[in-house]
1. Restricting to region 78-98, and then to whatever is in contact with a Ser or Thr (Cβ under 9 Å, 6 or more places away or on another chain), part of a loop (DSSP other than H, G, I, E, B) and surrounded by fewer than 16 Cβ atoms within 10 Å (Cβ to Cβ), can you tell me which residue is modelled with the highest pLDDT?
2. Only one of these is outside any loop (DSSP other than H, G, I, E, B), at pLDDT 90 or above and within 23 Å of ARG127 (Cα to Cα): VAL75, VAL106, VAL50. Name it.
3. Which one is surrounded by the fewest Cβ atoms within 10 Å (Cβ to Cβ), of the residues in region 23-45 that are aromatic (Phe, Trp, Tyr) and closer than 16 Å to CYS85 by Cβ?
4. Surrounded by 12 or more Cβ atoms within 10 Å (Cβ to Cβ) and over 15 Å from the mean Cα position of the chain (by Cα) - does that describe any residue in region 46-64?
5. Residues that are out of contact with any Phe, Trp or Tyr (no Cβ under 6 Å at 6 or more places or on another chain), modelled with pLDDT under 90, more than 20 Å from LEU124 (Cα to Cα) and not polar (S, T, N, Q): does region 24-44 have at least one?
6. Within the set of pairs 6+ apart or on separate chains, which have a first residue in region 70-81 that is without any contact (Cβ under 8 Å) to a residue 12 or more places away in the chain and over 13 Å from GLN119 (Cα atoms), a second that is outside any loop (DSSP other than H, G, I, E, B) and among the basic types (Lys, Arg), and C-beta atoms under 9 Å apart?
Amino acid sequence: MQVKLAYTILLAFLTVLPFASDEKRFSYHVFGTVTDFDGRKMENIYVCIVPSKRPINGRIPCVKTSSQGSFSITVNDIPDEYKVCASTKESPFILVPNKDPSHRVVCSGNIVFPPRDDQRQVELKFRGKND
């Protein structure tokens, strides 16, 4: 009985495995700076890339800005629409309401990555003290 169950599980896994990697992944590199409403570069701000239209599936790739407000992040994913978001708090931050006045978020517009390796420059600017 245990051998038959193990065989059934193995067969099910091998049947699904080819479909798990059908979509080719590409390297998408995003770089830029984060500034405040006065144009000052902001350091230690969390910057993440998230899908715009599909659910987040797994880890959200994030980095922190440098002392000069710059960031650089590369993801390997499928062609799709993405947003780059900056937050004063550590992820997860994008869809979680937060009443903390020091928690601020700003996101880019949708970025459509094509079915090839690509890179984009994104400048994120906080609009005011109550973004």
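The values are calculated or read from the model by the stated rules, or taken from the named source; none is laboratory data. Here the structure is a predicted model, which means the values were calculated and not measured. Because the Cβ atoms are built from the backbone with ideal geometry, glycine has one as well, and the counts that use them run over all protein chains shown.
1. Among residues in region 78-98 that are in contact with a Ser or Thr (Cβ under 9 Å, 6 or more places away or on another chain), part of a loop (DSSP other than H, G, I, E, B) and surrounded by fewer than 16 Cβ atoms within 10 Å (Cβ to Cβ), the one modelled with the highest pLDDT is LYS89.
2. Matching residue, one of VAL75, VAL106, VAL50: VAL106.
3. That would be PHE31.
4. No, because not a single residue in region 46-64 is surrounded by 12 or more Cβ atoms within 10 Å (Cβ to Cβ) and over 15 Å from the mean Cα position of the chain (by Cα).
5. No, region 24-44 contains no residue that is out of contact with any Phe, Trp or Tyr (no Cβ under 6 Å at 6 or more places or on another chain), modelled with pLDDT under 90, more than 20 Å from LEU124 (Cα to Cα) and not polar (S, T, N, Q).
6. none
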